[in-house]
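Encoded as structure tokens, the structure appears first; notes follow it.
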Amino acid sequence: MGVTRRTLDKKKLQGEKIAMVTAYDFPTARIAEEAGAEILLVGDSLGMVVLGYDSTIPVTLEDMLHHTKAVTRATKQSMVITDLPFLIAHLSTDEVLKSAGKLMQEGFAYGVKLEGGEPVLEKIKVLTEAGVPVMGHLGLTPQSVNQLGGYVIQGREEPAIKQLRFDAKAVEAAGAFALVLECVPEEIAEEISNMLSIPVIGIGAGRYTDGQVLVIHDLLGIGGDWSPSFVKQFAAVGKSMQMGLNQYVKEVKSQTFPSEEHVIHLKEEVKLALYGGRVDGTS
Ligand code: KIV
């Protein structure tokens, strides 16, 4: 049995931080699991870091399902959670249940993540009652980027802080088994983590949440030069890929690749039978 919600509850109680990272494909999921990440998130950040959109809004349920299948094929231990993409959580209860069902039955996700507080509480309740583990997501909710006026820090002033506290408690009460808090001041994230009994996973939310999540392309340094200030780049994979590919193209052009060691030859007797000893292959 891999990581379950009980594993995460235990880690929170014992004060062991939970490591969560996004994954969208088989090889990176395998590496992330091998590294010991307890949760792999098939985030709809997929739209921006893999599919080339400039927000998460165009991502579809089919996109999420396709990538969830790749990630779950690679994992044995890590919990795989998939984002419900834009608007799905606001459709009819039937649609929400069917979408989550697809991600779990066809994609083999452990559960789903959905963004928002008050407006989606009923959906969290319905999903939970139907047996779907739900991870909440508050603070900066990227699917509402147009409504929020950009990717801006949330929960800085008192009314917004009060709303965050209210939403966090309500999401837990509705049945969520964990909560992602994105881009909020460290003090508020710490307060909410202490207030809830479910694990709170932070991204740009400081040091005192029960765990951390980052987008894998940001932490590995794949993609653009810019990344948010809360990201630490742990490797320079993009640079390394660029160097490797530059060298490949150079060697193809200069005919130094393939060299003798990469060549497959015919056996001598076959060559003789085919070409009568001529080595250039002409008949
Ligand atoms: O889609 C995503 O990658 C996310 C994380 C940023 C938490 O929701």
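The values are calculated or read from the model by the stated rules, or taken from the named source; none is laboratory data. Just so it is clear, the model here is predicted, and its values are computed rather than measured. FYI the Cβ positions are ideal-geometry reconstructions off the backbone, even for glycines, and counts take in every protein chain you see. Surface areas here come from the heavy atoms of the whole protein model, side chains and all, with no ligands, DNA or RNA. Shrake-Rupley method; radii C 1.70, N 1.55, O 1.52, S 1.80 Å.
Could you name every one of the strands (runs of 3 or more DSSP E) located completely within region 3-102 that has at least 1 residues being more than 11 Å from the ligand (Cβ to nearest atom) and either farther than 24 Å from Glu129 by Cα or at pLDDT below 95 (or both)?
Details: elements: 18-22, 39-42, 79-83.
Output list reads 18-22.
Kindly indicate the residue of region 103-116 that is part of a loop (DSSP other than H, G, I, E, B) and hydrophobic (A, V, I, L, M, F, W, C) and also surrounded by the most Cβ atoms within 10 Å (Cβ to Cβ) among those meeting that condition.
The extreme case among them is Ala109.
You will find that of Ala37, Ala23, Ala19, Ala89, the residue that is over 18 Å from His217 (Cα atoms) and assigned by TED's automatic domain parsing to the domain that holds Trp226 is Ala89 and no other.
Which residues, taken from region 214-239, are exposed (fewer than 15 other Cβ atoms within 10 Å of the Cβ) and away from the ligand (no atom under 14 Å from the Cβ)? Scanning region 214-239 gives Gly224, Asp225, Trp226, Ser229, Lys232, Gln233, Phe234, Ala235, Ala236, Lys239. Selection over region 11-45 of residues that are in contact with a helix residue (DSSP H, G or I) (Cβ under 9 Å, 6 or more places away or on another chain), farther than 16 Å from Ile203 by Cα and open to solvent by less than 50 Å² (accessible area, probe 1.4 Å) gives a count of 6. Consider Ser193 carefully, then state whether it is closer than 18 Å to Ile18 by Cα and open to solvent by 40 Å² or more (accessible area, probe 1.4 Å). The answer is no for Ser193. Looking across region 174-199, the residues that are within 15 Å of the ligand (Cβ to nearest atom) and in contact (Cβ under 8 Å) with a residue 60 or more places away in the chain come down to Ala178, Val180, Pro199. Looking at region 201-213, which of its residues are touching a residue at least 60 places away in the same chain (Cβ under 8 Å), open to solvent by less than 50 Å² (accessible area, probe 1.4 Å) and out of contact with any Cys (no Cβ under 8 Å at 6 or more places or on another chain)? Once the filter is applied, which keeps residues that are touching a residue at least 60 places away in the same chain (Cβ under 8 Å), open to solvent by less than 50 Å² (accessible area, probe 1.4 Å) and out of contact with any Cys (no Cβ under 8 Å at 6 or more places or on another chain), region 201-213 yields Ile201, Asp210, Gly211, Val213. Could you tell me whether region 131-143 includes any residue that is more than 30 Å from Arg30 (Cα to Cα), free of Cβ contacts under 8 Å to residues at least 24 places away in the same chain, open to solvent by less than 70 Å² (accessible area, probe 1.4 Å) and over 18 Å from the mean Cα position of the chain (by Cα)? No - not one qualifying residue is present in region 131-143.
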